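Enquirer: Quick one: the structure is below, questions incoming.
The values are calculated or read from the model by the stated rules, or taken from the named source; none is laboratory data. On a predicted model such as this, the values are computed, not experimentally measured, just so you know. FYI the Cβ positions are ideal-geometry reconstructions off the backbone, even for glycines, and counts take in every protein chain you see. Surface accessibility is based on the protein's heavy atoms, side chains included, excluding ligands, DNA and RNA. Shrake-Rupley method; radii C 1.70, N 1.55, O 1.52, S 1.80 Å.
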Amino acid sequence: MTLAIEITGLRKTYGSQVALDGVDLSVPAGTVLGLLGPNGAGKTTVVRILSTLLAADGGTARVCGHDVAADPGEVRRRIGLTGQYAAVDEMLTGRENLVLIGTLYRLGRRATRRRADELLERFGLTEAGGRLAKTYSGGMRRRLDLAASLVADPPVLFLDEPTTGLDITNRRTLWATVREQVGLGTTVLLTTQYLEEADQLADRVAVLDDGRVLADGTAEELKRKVGGEQLHLRVRSATQAVTAVQVLARSSTGAEPMLDADGVSIRLAVAGGVTGIAAAATALRDAGIEIDVFTSSAPTLDDVFLSLVGRTPGPIPEEVPA
Amino acid sequence: MIALAVQTTALTNRHLRHLTRMPMRLLGVTVMPIAYVVIFGYLFGSVIEVEGGGYREFLMAGIFAQMMLTNLQHTALGVVDDLRNGIDDRFRSLPVAGFAVPLARTVADLTRVVCACVAMAVVGYAMGWRVHNGLTSALAGFGLLLLLGFASAWVGVLVGLKLRNAESVSAVSFLVVMPATFLSNAFIPLTGLPAWLRTVCEWNPLSVVVAACRQLFGNPGSAGDSWPMQHPVPAAVGLTLALLAIAAVLATRAYRAK
């Protein structure tokens, strides 16, 4: 198994703020790693170091066997980067944007044009190809940005929050395109704030918080850690809440129920899908607990965090762009 | 070398396309200097006496040089724009020669400088400004001005990369351009100044370029006693090339820094 991306002990500080505190990650060639974490976790810093935009303070990072610090030129030849902010030139047409990138790669005039047409076609931008990018919608702009990062068909692709700010339709379209690209053998490192996105696209997921990797595994493994369905309920009184916690701890097979700070809200992870939820509801009814709110949902990033670090991702300052 | 040429050409074309698609920007750099020529020409022209010719003949070289220096602000704002919208990150993540990105910008910005020069020359001509030493000499004068414009653009790249936001760029550009032009012979003859101030003004590189242009255009202007005023053309070429070299080295280094 060849590793397309290898990161060992990566460290980066901005002034007194530690952005990366010894990050280890490896991505086998042809697979997708989802880097999951809240704002300020260090996701963008990892991507910026891997794409040679930022120098690390410690540790090593290699892309396709080339060290990003020692051999940035070789790394740049092998990567595509799509950032959080669609980096296209608004005053050029979609086509001109792609041709410019192809020329900078020195693909040759004819090959550049052919590639631009191919990509416009593939991303549904053929019609819009002759219009200035500033007239594009958010979704089109993001597609053009992704197309631009694929001009030279790089073996490794970095997607930094590729769907942040997109509506669900555009998000789905982008996911389909990324999957298609992975099908062609591209290695992808994807950063995201959404567990669902990591779930949809990634073979493995690494959870990053405060510059450290908290967990690393398949999406399934991660969700198993959190438990299945997330149950949120609110009971009538604090006394009942204490009883409810005891009842739920006995009846459910999932994680320990947790009482929120308000004294009447309880959340717990329930294994076994609908059966598990029904069992919890039955147990509460039998114990005579009066319930005001009873909802269940799929695990979210908050739940992953809650189970991994025992707290929700708090208000952490925005990631510092270098 | 071929890579650098191909990439610089592609990036220069990008800037030139911007210029044709945002003609208002070109309007900004041509209308301003024309306004200077008209306002200064008539306003100062009625109170300032210049030996050996009219004030408007004297003024033109000063305005030309001032506008070349002002070029740094426009370049710096362009650099800040690319940093802000992420396109700069894209270029850096590509296998592009580090020198190509700032080189393309400064070369493309020469177009703007040429447009400004042509506009000013036309208005100046209409107001009675003439060159008296022949075409070759006049072209040499414009060549020197373009060299100053090019060097200013490199200073602009450095300023843009270091400051990274439009407000600071405007403030710093003002702080560079204002003292440089007013502590010079651009608008006033230096003969009436106290000796110490006159020395400062005569050694100001901008004064040297202005004096050189006046000599090459055959326009009036009193020569001082200092070495650069006695030999304005070689001094101006030397100083401008030195400025260009220093700015280019520092700007390229700033571009590569992460």
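Enquirer: Being open to solvent by 10 Å² or more (accessible area, probe 1.4 Å), more than 14 Å from chain A (Cβ to nearest Cβ) and either at pLDDT 90 or above or part of a helix (DSSP H, G or I) (or both), is that true of even one residue in the range B:11-27?
Expert: Checked the range B:11-27: at least one residue is open to solvent by 10 Å² or more (accessible area, probe 1.4 Å), more than 14 Å from chain A (Cβ to nearest Cβ) and either at pLDDT 90 or above or part of a helix (DSSP H, G or I) (or both).
Residue-by-condition table, conditions (1) surrounded by 20 or more Cβ atoms within 10 Å (Cβ to Cβ); (2) β-branched (V, I, T); (3) closer than 24 Å to A:D203 by Cβ:
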| residue | (1), (2), (3) |
| --- | --- |
| A:L98 | yes, no, no |
| A:E121 | no, no, no |
| A:A128 | yes, no, no |
| A:L132 | no, no, no |
| A:L157 | yes, no, yes |
| A:W175 | no, no, yes |
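Enquirer: Would you call A:R115 in a helix (DSSP H, G or I), farther than 25 Å from B:G78 by Cα, in contact with a Gly (Cβ under 7 Å, 6 or more places away or on another chain) and more than 7 Å from every other protein chain (Cβ to nearest Cβ)? Talk me through it step by step, then tell me what you get.
Expert: Details: in a helix (DSSP H, G or I): yes; farther than 25 Å from B:G78 by Cα: yes; in contact with a Gly (Cβ under 7 Å, 6 or more places away or on another chain): yes; more than 7 Å from every other protein chain (Cβ to nearest Cβ): yes.
Considered against the rule, which asks whether it is in a helix (DSSP H, G or I), farther than 25 Å from B:G78 by Cα, in contact with a Gly (Cβ under 7 Å, 6 or more places away or on another chain) and more than 7 Å from every other protein chain (Cβ to nearest Cβ), A:R115 comes out as yes.
Enquirer: Let me ask something additional. Of A:G211, A:G185, A:G263, which residue is at pLDDT below 90, out of contact with any Phe, Trp or Tyr (no Cβ under 6 Å at 6 or more places or on another chain) and either acidic (D, E) or at positive phi (or both)?
Expert: Details: A:G211 fails: at pLDDT below 90; A:G185 fails: at pLDDT below 90.
Matching residue, one of A:G211, A:G185, A:G263: A:G263.
Enquirer: Within the set of pairs 6 or more residues apart or between chains, which connect a residue that is more than 14 Å from every other protein chain (Cβ to nearest Cβ) and over 17 Å from B:L69 (Cα atoms) inside the range B:241-258 to a residue that is open to solvent by less than 70 Å² (accessible area, probe 1.4 Å) and at pLDDT 95 or above with Cβ atoms less than 8 Å apart?
Expert: Listed pairs, sorted by first residue: B:L250/B:L158; B:T252/B:P102.
Enquirer: Testing A:A152 on (1) in a helix (DSSP H, G or I); (2) within 14 Å of chain B (Cβ to nearest Cβ); (3) small (G, A, S), one condition comes back false. Which one is that?
Expert: (1)
Enquirer: I've got another one for you. If you take the residues of the range A:4-18 that are at pLDDT below 95 and part of a strand (DSSP E or B), which of them is farthest from A:A61 (Cα to Cα)?
Expert: Here the answer is A:Q17.
Enquirer: Give the range A:71-83 a look and list any residue that's surrounded by fewer than 21 Cβ atoms within 10 Å (Cβ to Cβ) and more than 7 Å from chain B (Cβ to nearest Cβ), or say none.
Expert: Step one: of the range A:71-83, the residues surrounded by fewer than 21 Cβ atoms within 10 Å (Cβ to Cβ) are A:71, A:73-74, A:77-78.
Of everything in the range A:71-83, those that are surrounded by fewer than 21 Cβ atoms within 10 Å (Cβ to Cβ) and more than 7 Å from chain B (Cβ to nearest Cβ) turn out to be A:D71, A:E74, A:R78.
Enquirer: Can you pull out the residues in the range B:190-216 that are open to solvent by 30 Å² or more (accessible area, probe 1.4 Å) and part of a loop (DSSP other than H, G, I, E, B)?
Expert: B:L193, B:P194 - these are the residues of the range B:190-216 that are open to solvent by 30 Å² or more (accessible area, probe 1.4 Å) and part of a loop (DSSP other than H, G, I, E, B).
Enquirer: With B:L161, B:L148 as the choices, which residue is out of contact with any Gly (no Cβ under 8 Å at 6 or more places or on another chain) and under 17 Å from B:C213 (Cα atoms)?
Expert: Numbers: B:L161 fails: under 17 Å from B:C213 (Cα atoms).
From the options B:L161, B:L148, the qualifying one is B:L148.
Enquirer: Taking the condition within 14 Å of chain A (Cβ to nearest Cβ) and among the polar types (S, T, N, Q), does B:S93 pass? Show your work before the answer.
Expert: Working: within 14 Å of chain A (Cβ to nearest Cβ): yes; among the polar types (S, T, N, Q): yes.
Considered against the rule, which asks whether it is within 14 Å of chain A (Cβ to nearest Cβ) and among the polar types (S, T, N, Q), B:S93 comes out as yes.
Enquirer: Being surrounded by fewer than 21 Cβ atoms within 10 Å (Cβ to Cβ) and polar (S, T, N, Q) is the filter here, so list the residues in the range B:217-258 that pass it.
Expert: Hits for the range B:217-258 are B:S222, B:S226, B:Q230, B:T252.
Enquirer: When only residues in the range A:230-252 that are touching a strand residue (DSSP E or B) at 6+ places or on another chain (Cβ under 8 Å) and outside any helix (DSSP H, G or I) count, which is most open to solvent (accessible area, probe 1.4 Å)?
Expert: A:R236
Enquirer: I would also like to ask the following. Would you check which residues across the range A:118-146 are within 12 Å of chain B (Cβ to nearest Cβ) and small (G, A, S) and list them?
Expert: Once the filter is applied, which keeps residues that are within 12 Å of chain B (Cβ to nearest Cβ) and small (G, A, S), the range A:118-146 yields only A:A133.
Enquirer: Pick from the range B:51-90 the residues that are in contact with a Phe, Trp or Tyr (Cβ under 7 Å, 6 or more places away or on another chain) and among the hydrophobic types (A, V, I, L, M, F, W, C): which of them is nearest to the other protein chains (Cβ to nearest Cβ)?
Expert: If we take residues in the range B:51-90 being in contact with a Phe, Trp or Tyr (Cβ under 7 Å, 6 or more places away or on another chain) and among the hydrophobic types (A, V, I, L, M, F, W, C), then B:I63 is nearest to the other protein chains (Cβ to nearest Cβ).
A quick yes/no check of all residues on (1) touching a Phe, Trp or Tyr at 6+ places or on another chain (Cβ under 8 Å); (2) within 30 Å of A:L53 (Cβ to Cβ):
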residue	(1), (2)
B:S207	no, no
B:S226	yes, no
B:H231	no, no
B:I246	no, yes
B:A254	no, yes
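Enquirer: Looking for something outside any helix (DSSP H, G or I) and open to solvent by less than 60 Å² (accessible area, probe 1.4 Å) - is there at least one such residue anywhere in the range B:174-182? Spell out the reasoning first.
Expert: Taking the range B:174-182 first, the residues outside any helix (DSSP H, G or I) are none.
So far as the range B:174-182 goes, no, none of its residues is outside any helix (DSSP H, G or I) and open to solvent by less than 60 Å² (accessible area, probe 1.4 Å).
Enquirer: Kindly indicate whether any position in the range A:40-48 is within 11 Å of chain B (Cβ to nearest Cβ), in contact (Cβ under 8 Å) with a residue 12 or more places away in the chain, closer than 25 Å to A:G185 by Cβ and of a type in the set (A, V, I, L, M).
Expert: yes
Enquirer: Something else now. Kindly state which helices (runs of 4 or more DSSP H) lie completely within the range B:40-150 and contain at least 2 residues that are within 24 Å of B:P189 (Cβ to Cβ) and open to solvent by less than 40 Å² (accessible area, probe 1.4 Å). Quick ask: steps written out before the conclusion?
Expert: Details: elements: B:55-84, B:87-92, B:100-126.
Those helices (runs of 4 or more DSSP H) span B:55-84, B:100-126.
Enquirer: May I ask you to verify whether B:V29 is farther than 28 Å from B:V131 by Cβ and touching a residue at least 60 places away in the same chain (Cβ under 8 Å)?
Expert: Details: farther than 28 Å from B:V131 by Cβ: no; touching a residue at least 60 places away in the same chain (Cβ under 8 Å): yes.
Considered against the rule, which asks whether it is farther than 28 Å from B:V131 by Cβ and touching a residue at least 60 places away in the same chain (Cβ under 8 Å), B:V29 comes out as no.
Enquirer: Please enumerate the residues belonging to the range A:272-293 that are surrounded by 15 or more Cβ atoms within 10 Å (Cβ to Cβ), at pLDDT 85 or above and not in a helix (DSSP H, G or I).
Expert: If the condition is that a residue be surrounded by 15 or more Cβ atoms within 10 Å (Cβ to Cβ), at pLDDT 85 or above and not in a helix (DSSP H, G or I), then A:A287, A:I289, A:I291 are the ones that fit.
Enquirer: Going by what's in this entry, would A:V309 be described as surrounded by fewer than 19 Cβ atoms within 10 Å (Cβ to Cβ), within 14 Å of chain B (Cβ to nearest Cβ) and modelled with pLDDT under 75?
Expert: no
Enquirer: Turning to a different aspect of this structure: Of the residues in the range A:25-52, how many are within 25 Å of B:A257 (Cα to Cα), within 14 Å of the chain's Cα centre (by Cα) and open to solvent by 10 Å² or more (accessible area, probe 1.4 Å)?
Expert: 2
Enquirer: Filter the range A:136-148 down to the residues that are open to solvent by 10 Å² or more (accessible area, probe 1.4 Å) and either of a type in the set (K, R) or out of contact with any helix residue (DSSP H, G or I) (no Cβ under 8 Å at 6 or more places or on another chain) (or both) and list them by number.
Expert: A:S137, A:R141, A:R142, A:R143
Enquirer: Something else about it: Every residue in the range A:84-101 that is touching a residue at least 60 places away in the same chain (Cβ under 8 Å) and closer than 12 Å to A:L144 by Cα, please.
Expert: Quick first cut of the range A:84-101, residues touching a residue at least 60 places away in the same chain (Cβ under 8 Å) only: A:84, A:87-88.
Listed by number, the residues that qualify are A:A87, A:V88.
Enquirer: Search the range A:204-230 for residues being of a type in the set (G, A, S) and within 22 Å of A:G30 (Cβ to Cβ), and hand back the single one that is nearest to the chain's Cα centre (by Cα). Steps first, please.
Expert: Taking the range A:204-230 first, the residues of a type in the set (G, A, S) are A:206, A:211, A:215, A:217, A:219, A:227-228.
Going one step further and asking which of them are within 22 Å of A:G30 (Cβ to Cβ), we end up with A:206, A:217, A:219.
On the way: A:A206: 9, A:G217: 14, A:A219: 11 Å.
Ranking the candidates gives A:A206 first.
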